[in-house]
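For reference, the structure discussed in these notes is given below.
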Number of protein chains: 2
Amino acid sequence: MSKKNNKPQFTKLSELGEFEVINHITKDFLVKNPSTVYGIGDDAAVMDFKNKQVVISSDMLVEGIHFNLSYVPLKHLGYKSVVANLSDIYSMNAICSQVTVNIAVSNRFTLESLEELYFGINAACKKYGVDLVGGDTTSSNKGLIISISAIGALDLKSIVKRSGAKKNDLIVVSGDLGSAYMGLQILEREKEVFKVNPGNQPDLSKYKYLIQRQLKPEARKDIIDYFESIKLIPTSMIDISDGLSSEIIHICKNSKVGCDLYEDKIPMSEELMSSCEEFNLNSTTVALSGGEDYELLFTIDQKDFEKIKNSPDFSVIGHITDQKKGINLVTKAKQKITITSQGWKSF
Amino acid sequence: MSKKNNKPQFTKLSELGEFEVINHITKDFLVKNPSTVYGIGDDAAVMDFKNKQVVISSDMLVEGIHFNLSYVPLKHLGYKSVVANLSDIYSMNAICSQVTVNIAVSNRFTLESLEELYFGINAACKKYGVDLVGGDTTSSNKGLIISISAIGALDLKSIVKRSGAKKNDLIVVSGDLGSAYMGLQILEREKEVFKVNPGNQPDLSKYKYLIQRQLKPEARKDIIDYFESIKLIPTSMIDISDGLSSEIIHICKNSKVGCDLYEDKIPMSEELMSSCEEFNLNSTTVALSGGEDYELLFTIDQKDFEKIKNSPDFSVIGHITDQKKGINLVTKAKQKITITSQGWKSF
């Protein structure tokens, strides 16, 4: 955008109309996937996956419910919205190739703010090799609503569902858990401090990792690629968007099994542990219940342990048992307690 | 739902939580399409279209912008939301087989009101042979927001885009135009009357057709099926969601052609014409600019005229010309005027 007199430019969306807004914000999006036959510009997008099967997942994010624009930059929001959807595709052991993005915005948003949002969407599309192929841009009565569908392809023989875990399988998680939730606590606290003292310049450098996990999470495409390279197909998989407790319950219920998870095996970052002390929070509770880490939780047959044991990115946190044994956490004090879902609830 | 003491039951969504709400409202949805491999219940749905190409379209509807619940029953809203998306798939000359539905609702909605909405969604899915395979249900700060993605399949050799119209092609439209818009005017008027006199029982029987076109439109799958049976592939096609003016401009711009449309050929219902008189509106303006008819606007090679000339469902309303001739309406008085888009703008 040209800037007159170096002042930032604010263009009302009503000055342009729907079609011009869409043309403007999508002009920087290039189609890269060979599976994208026709992208934006017709009533529907067309894709060709040859003889592969097609995967689709949809998610909706509402301002004031899922995000707070007082501390989430629009660029990051756009990036994260895409990442959250890609994560659902990767958790099927599939690769994502296209997204459609529907947004509704109130009249407080300018063209420039939409550009910020789509800059983030485009950054995520580029990073993960995904094409934006369609969507809808409309007005809302209140706030910003983002609805994304992600489309991918897989071979049915390599699909991984929530329902395939078997007794004695190992339960594995990628990365570390709880940091995204803790990042949110820090941002919330700073927002309160700012209300009282707007002149205060907070030093957030020691929370950098936690805040990054909250504002700019990544989806674990690298792990899906790695699985392919080591010829590993997990028996079940889910992404951790709502918290470890909630996700392991999904796997156990869908697979009709029980599990023992070991508290001392749950991976946590140094930053999480030190800020849990500062906030007087139990780090296990945060790691179990905090969502939005977008790590992968999966189960593998014991014979496949050799394939992953040397990867620093994976933690074996427990094993699958009979359904009648229940869904348990074995605490550091060797007590067995039933895991209940403390995951994020939107109602 | 069981009704205690014959009183209607109202269940707060917060009493159930997200997963239970989703389980409850999707329990009546059955998978019927052989292309649906896995529907609701995992991180993503899986489809198998064999060697066909895949089509996807997404739309968002916002309460207070696209619909007004003071005169739109939730059942009809659910039905129409699906129909609007299917229409986009049909306008590519493709068949729709799956939808995902994301909704955000404020806390004024009860479980019973969501059931109403999903009853309508399910009715449309059944009527058009489409499976609901996924989606998201979350809360909003204000009102109801519905975002739908429709998925279908086609053979690339039968795809019809907006961009294929050629000079001398005939311009054809299905059904009649403007009635859905007129139905909205009648509902708006009744709403105002009701505000002044809530005891008034309006007699809307003479507007039945117009109101039905507004509240419960149908998508023209029958025409796509008919095209296949008569081996007709239009040169270009679009569905009329924003109004004839806006859609013919899309076809002409995308195809780099001009056109002459004939005012006296535009199909209108008797009911539209009589209520236009009553409302002192110009029926041509309503037919050109009123949206939401979900009829199909398409162009055919002149040699294909024989194939459609006996169908009462089609009206030839003009022909394609050189781009430099412009996009024109030839009025009943034989005057040529440039068509400008008066279509629905959301900003």
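The values are calculated or read from the model by the stated rules, or taken from the named source; none is laboratory data. Computed from a predicted structure; not experimentally measured. So basically every Cβ, Gly included, is an ideal-geometry build from the backbone, and we count neighbours across all protein chains shown.
A few comments on the model shown:
- Residues located in the range B:250-282, provided they are among the hydrophobic types (A, V, I, L, M, F, W, C), in a helix (DSSP H, G or I) and closer than 30 Å to B:Arg189 by Cβ: B:Leu272, B:Met273, B:Cys276, B:Phe279
- Residues (within 7 Å of chain A (Cβ to nearest Cβ), buried (at least 21 other Cβ atoms within 10 Å of the Cβ) and not hydroxyl-bearing (Ser, Thr, Tyr)) located in the range B:48-65: B:Phe49, B:Gln53, B:Val54, B:Val55, B:Ile56, B:Asp59, B:Met60, B:Val62
Residues are listed down the side, and each one gets a yes or a no for (1) part of a loop (DSSP other than H, G, I, E, B); (2) in contact with a helix residue (DSSP H, G or I) (Cβ under 7 Å, 6 or more places away or on another chain); (3) in contact (Cβ under 8 Å) with a residue 24 or more places away in the chain; (4) farther than 30 Å from A:Val54 by Cα:
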{"position": "B:Asp136", "(1), (2), (3), (4)": "no, no, yes, no"}
{"position": "B:Gly183", "(1), (2), (3), (4)": "no, yes, yes, yes"}
{"position": "B:Glu192", "(1), (2), (3), (4)": "no, no, no, yes"}
{"position": "B:Gly199", "(1), (2), (3), (4)": "yes, no, no, yes"}
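- The listed residue being away from every other protein chain (no Cβ under 14 Å), of a type outside the set (Phe, Trp, Tyr) and on the phi < 0 side of the Ramachandran plot, out of B:Ile249, B:Ile240, B:Ile171: B:Ile171
- Among residues of the range B:289-303, those that are over 20 Å from the mean Cα position of the chain (by Cα) and part of a strand (DSSP E or B), counted: 1
- Residues (at the interface with another protein chain (Cβ under 9 Å from one of its Cβ atoms), more than 25 Å from the chain's Cα centre (by Cα) and either surrounded by fewer than 18 Cβ atoms within 10 Å (Cβ to Cβ) or in a strand (DSSP E or B) (or both)) located in the range B:21-47: B:Val37, B:Tyr38, B:Gly41, B:Asp42, B:Val46
- Qualifying residue in the range B:304-327 (condition: more than 27 Å from the chain's Cα centre (by Cα), at pLDDT 95 or above and part of a strand (DSSP E or B)): yes
- Candidates B:Lys80, B:Lys75 - the one that is within 13 Å of B:Ser241 (Cβ to Cβ), of a type in the set (Lys, Arg) and part of a helix (DSSP H, G or I): B:Lys80
- Residue list for the range B:140-158, restricted to those being crowded, with 21+ Cβ neighbours inside 10 Å and in contact (Cβ under 8 Å) with a residue 60 or more places away in the chain: B:Leu144, B:Ile145, B:Ile146, B:Ser147, B:Ile148, B:Ser149, B:Ala150, B:Ile151, B:Gly152, B:Ala153, B:Leu154
- Residue list for the range A:242-280, filter: touching a residue at least 24 places away in the same chain (Cβ under 8 Å), of a type in the set (D, E, K, R) and surrounded by fewer than 17 Cβ atoms within 10 Å (Cβ to Cβ): A:Lys256, A:Asp264, A:Lys265
- Just one of the listed residues (B:Leu281, B:Leu296, B:Leu329, B:Leu272) is more than 14 Å from chain A (Cβ to nearest Cβ) and closer than 30 Å to B:Asp225 by Cα, namely B:Leu272.
- Checked against the criterion of being touching a residue at least 12 places away in the same chain (Cβ under 8 Å), touching a Lys or Arg at 6+ places or on another chain (Cβ under 8 Å) and not in a helix (DSSP H, G or I), the candidates A:Ile238, A:Ile233 yield just one match: A:Ile238.
- B:Cys96, sole failed condition from (1) under 19 Å from B:Asn107 (Cβ atoms); (2) touching a helix residue (DSSP H, G or I) at 6+ places or on another chain (Cβ under 7 Å); (3) assigned to a strand (DSSP E or B): (1)
- Within the range B:138-163, tally of residues that are more than 8 Å from chain A (Cβ to nearest Cβ) and either assigned to a strand (DSSP E or B) or over 25 Å from A:Lys142 (Cα atoms) (or both): 7
- Single residue of the range B:109-144 satisfying the filter (among the hydroxyl-bearing types (Ser, Thr, Tyr) and farther than 21 Å from A:Ser57 by Cα) that is farthest from the chain's Cα centre (by Cα): B:Thr110
- Test: A:Asn5 is farther than 16 Å from A:Phe109 by Cα, modelled with pLDDT under 85, part of a helix (DSSP H, G or I) and out of contact with any His (no Cβ under 9 Å at 6 or more places or on another chain): yes
- If you go through the range A:66-113 and pick out every residue that is closer than 26 Å to A:Gln185 by Cβ, in contact with a strand residue (DSSP E or B) (Cβ under 7 Å, 6 or more places away or on another chain) and either surrounded by fewer than 21 Cβ atoms within 10 Å (Cβ to Cβ) or more than 10 Å from chain B (Cβ to nearest Cβ) (or both), you end up with 7.
- Count of residues meeting criterion [modelled with pLDDT of 95 or more, acidic (Asp, Glu) and surrounded by fewer than 17 Cβ atoms within 10 Å (Cβ to Cβ)] in the range A:172-226: 2
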